[in-house]
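Engineer: My questions all concern the structure below.
The values are calculated or read from the model by the stated rules, or taken from the named source; none is laboratory data. The structure displayed is predicted, hence computed values, not measured ones. Cβ sites come from the backbone with ideal geometry, for glycine too, and all protein chains shown count toward neighbours.
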């Protein structure tokens, strides 16, 4: 079976790993990591499951200390 390769940036790679391996994703959108939270939120809202078959919950924290 041939493998498909794609080029992505670090934020999308981090979001992919977080989304696939967690039940809850705590985000605090601050530049330059804002896209990581946006990707995670988008995938959860689209209903994409993680490796356990559930859709992670994305929680936006109110301060950096919370995340």
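Engineer: Given the criterion over 18 Å from residue 57 (Cα atoms) and in contact with a strand residue (DSSP E or B) (Cβ under 9 Å, 6 or more places away or on another chain), identify the matching residue among 44, 33.
Structural biologist: Exactly one of 44, 33 is over 18 Å from residue 57 (Cα atoms) and in contact with a strand residue (DSSP E or B) (Cβ under 9 Å, 6 or more places away or on another chain), namely 33.
Engineer: Among the numbered criteria (1) within 12 Å of the chain's Cα centre (by Cα); (2) modelled with pLDDT of 90 or more, which single criterion is violated by residue 54?
Structural biologist: (1)
Engineer: Moving on to the next point. Determine, yes or no, whether residue 23 is modelled with pLDDT of 90 or more, surrounded by 10 or more Cβ atoms within 10 Å (Cβ to Cβ) and in contact with a helix residue (DSSP H, G or I) (Cβ under 6 Å, 6 or more places away or on another chain).
Structural biologist: Details: modelled with pLDDT of 90 or more: yes; surrounded by 10 or more Cβ atoms within 10 Å (Cβ to Cβ): yes; in contact with a helix residue (DSSP H, G or I) (Cβ under 6 Å, 6 or more places away or on another chain): no.
When the stated conditions are applied, residue 23 does not pass them.
Engineer: Count, please, the residues in the stretch 1-33 that happen to be assigned to a helix (DSSP H, G or I), more than 15 Å from residue 55 (Cβ to Cβ) and without any contact (Cβ under 8 Å) to a residue 24 or more places away in the chain.
Structural biologist: Number of matching residues: 4.
Engineer: Another one. Quickly run through the stretch 34-61 and pick out the residues that are surrounded by fewer than 16 Cβ atoms within 10 Å (Cβ to Cβ), in contact (Cβ under 8 Å) with a residue 12 or more places away in the chain and assigned to a loop (DSSP other than H, G, I, E, B).
Structural biologist: Result: 48, 51, 52, 54, 61.
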